[in-house]
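Asks: Sharing a structure, written as structure tokens. Questions coming.
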């Protein structure tokens, strides 16, 4: 096949491709005008753009000069004289600084001072962390409510059940989310010192994972384990939500619970340690 | 003729005819692997085009509103303005969904193209002197692309993006000494924070794109100044560039590539659903679903968070939490090594005393190739680990088993892949007759057959005035 024939073929292929682009574009406009439909829009746009792409590649491959062309490549560095001249020009007039050492020091002082002053507005970006990571919204006698704000009583869960709860008035507050589990009908003691924390088998643990803060949402009733769906940290509930697998290093903090005179669940106090992932000053 | 008159009009005012002519005649070497960087460039262009469109409809607010749009299952649900506006873009703005999906697909391809381009540059030794600066700019561009991907992913305020932000917040507070303050300044308080969406919006649509545009310009300017590298071959020398001229052949070809990339993104954006936020639902802090996965380029970090066993370190009574090692230290070391590689290798090979414009074949550099493949294997294992729960449910084994297998694989697979690569390289190099072929001697010319059937010698600096 000689070049002429090939060129003719490439020309007609290109013309066809550009024609398809024009048709698809009209289709695109019609689709849009008639209310739009994303699958058709995407497909037609792809056809329209693909036509242009195909056409241009045909032009580049068959209708334009192919070369190869050769271009020389000069060495990058300038001559030693040019480099020296540049350095000399750059350094001209620097005597005002180098001759007077104290001026250099004052300039350094001024630059440092204005630099630090310019950093201060960054402080406006956020509040002082203060106690924010150490406290939640749970207080002494906070009523335990579910995600709809309904109070939770001793009969709400059967043994083996689990429920996400919040302190009354603070539903959906991230650091106060608590997973309430009923382990048995009798009081449950997960650790020494927590004798009164699990009345009638109810235990509450912070639902904020101690690894990276995801909600520890999956309760495996059969193994009495809590699993974090993000990074698979696994916590053994009867042992005080001690981590048994995965990247978490610390137990989920336990919420001291009590049953009030009306049979409703309440908190004895806030959590006794910071909830959620670790941080530098956590234990201070 | 019109061209002549236009040239005259502009040249009388700018006097640039000679300079622009040199630019038009600039020669670019031709190889499919040189298109990977262009691919990334065009993805960036598509991201700007579709992204600007999306900004006309998106509201980065955290104020709660009740949904009254046309997506029935969420009617009457309380949600943030941000999430509501993404639903509006998806269901009530004509061409909104296709633009959003093209934008998301282009972002995934953008980072992929940058990484593929980086691999090409690495395995062919194109980062060697004089290109160390451009290598470092390129690594910075990768960093910025990932950062912009993550901030964009966070904006819709759906369940998945909220989970991603929660993890990012935990990683930031894990940094010793300054972590908690830094997180509070970024988020405007404890998680979820009321400011983070507005700030990420500004970062996503202004700060990082401008930084990318500036560095991209520098990247290309340095490329033009230094001229492109080329593979070894007949007539190709350290002191020349063989290929197609910028105008018109290269321009037509690269325009064709641009339209093909755009066409592929449009096809994906129209036909392949991506990030259907209306299924995830608005972000609720107490909810999360199993199988939560980030966009692919964050998968290696997700994997490292999942694989690291429950270790933490105590320093003078302070805590250095577990996510610091997997979420800060690992990516920190990764990018430090990337930045330092040209200098590390140069110190080792002493090759940085002269310029290199001819590319290596990976087989001729078995050690570098083996190190590169080993590193890729390392990050591939981390990436797979980012989906360990998906693997566990797909193959019906416990996630603990999968995790333990991957923990071992993280060290075994890269070493094995490295050794295997090294041996394959040695074998290939020994077998290939052109291995270590010396450059063509000075004065050796290239003879090319023309369209008319004649033979011409192309050694003279073609076309340049």
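Asks: Considering B:84, B:12, which residue is away from chain A (no Cβ under 14 Å) and over 33 Å from the mean Cα position of the chain (by Cα)? Steps first, please.
Replies: Details: B:84 fails: over 33 Å from the mean Cα position of the chain (by Cα).
Going through B:84, B:12 in turn, just one is away from chain A (no Cβ under 14 Å) and over 33 Å from the mean Cα position of the chain (by Cα): B:12.
Asks: Let me spell it out: the conditions are (1) within 14 Å of another protein chain (Cβ to nearest Cβ); (2) farther than 30 Å from residue A:214 by Cβ; (3) not in a helix (DSSP H, G or I), and residue B:352 meets all of them except one. Which number is the exception?
Replies: Only one criterion in (1) within 14 Å of another protein chain (Cβ to nearest Cβ); (2) farther than 30 Å from residue A:214 by Cβ; (3) not in a helix (DSSP H, G or I) is unmet by residue B:352, namely (3).
Asks: Additional query: Quick one: in segment B:151-180, of everything that is surrounded by 19 or more Cβ atoms within 10 Å (Cβ to Cβ), at the interface with another protein chain (Cβ under 7 Å from one of its Cβ atoms) and over 20 Å from residue A:216 (Cβ atoms), which residue is farthest from the chain's Cα centre (by Cα)?
Replies: Only one residue fits best here, namely B:180.
Asks: From B:309, B:323, B:285, which residue is farther than 30 Å from residue A:64 by Cβ, in contact (Cβ under 8 Å) with a residue 40 or more places away in the chain and not assigned by TED's automatic domain parsing to the domain that holds residue B:37? Before you say what the answer is, go through the steps one by one.
Replies: Values: B:309 fails: not assigned by TED's automatic domain parsing to the domain that holds residue B:37; B:323 fails: not assigned by TED's automatic domain parsing to the domain that holds residue B:37.
Among B:309, B:323, B:285, only B:285 is farther than 30 Å from residue A:64 by Cβ, in contact (Cβ under 8 Å) with a residue 40 or more places away in the chain and not assigned by TED's automatic domain parsing to the domain that holds residue B:37.
Asks: Could you list, in sequence order, the residues of segment B:293-311 that are surrounded by fewer than 18 Cβ atoms within 10 Å (Cβ to Cβ) and closer than 14 Å to residue A:209 by Cβ? Working first, answer last.
Replies: In the first step, residues of segment B:293-311 are kept if they are surrounded by fewer than 18 Cβ atoms within 10 Å (Cβ to Cβ); the result is B:293, B:296, B:309-311.
Across segment B:293-311, the qualifying residue is only B:310.
Asks: Of these, A:30, A:57, A:70, A:47, which one is closer than 30 Å to residue B:237 by Cβ and within 47 Å of the chain's Cα centre (by Cα)?
Replies: Details: A:30 fails: closer than 30 Å to residue B:237 by Cβ; A:70 fails: within 47 Å of the chain's Cα centre (by Cα); A:47 fails: closer than 30 Å to residue B:237 by Cβ.
Answer to the check: A:57.
Asks: Test residue A:275 against the stated conditions and say whether it is assigned to a loop (DSSP other than H, G, I, E, B), more than 14 Å from chain B (Cβ to nearest Cβ) and either at pLDDT below 95 or in contact with a strand residue (DSSP E or B) (Cβ under 7 Å, 6 or more places away or on another chain) (or both). Full working, then the answer.
Replies: On the way: assigned to a loop (DSSP other than H, G, I, E, B): yes; more than 14 Å from chain B (Cβ to nearest Cβ): no; either at pLDDT below 95 or in contact with a strand residue (DSSP E or B) (Cβ under 7 Å, 6 or more places away or on another chain) (or both): yes.
Spelling it out, it is not the case that residue A:275 is assigned to a loop (DSSP other than H, G, I, E, B), more than 14 Å from chain B (Cβ to nearest Cβ) and either at pLDDT below 95 or in contact with a strand residue (DSSP E or B) (Cβ under 7 Å, 6 or more places away or on another chain) (or both).
Asks: Still on this model: Those residues that are in contact (Cβ under 8 Å) with a residue 12 or more places away in the chain and facing chain B (nearest Cβ under 7 Å), I need them from segment A:57-84; list them, please. Let's see the steps before the verdict.
Replies: Quick first cut of segment A:57-84, residues in contact (Cβ under 8 Å) with a residue 12 or more places away in the chain only: A:58-59, A:61-63.
A:59, the sole residue that qualifies.
Asks: Restricting attention to segment A:201-230, which residues are surrounded by 24 or more Cβ atoms within 10 Å (Cβ to Cβ), over 22 Å from residue A:133 (Cα atoms) and at pLDDT below 95?
Replies: none
The values are calculated or read from the model by the stated rules, or taken from the named source; none is laboratory data. Because the structure is predicted, anything quoted here is derived from the model rather than measured. Note: ideal-geometry Cβ built from the backbone for every residue, glycine included; neighbour counts use all protein chains shown.
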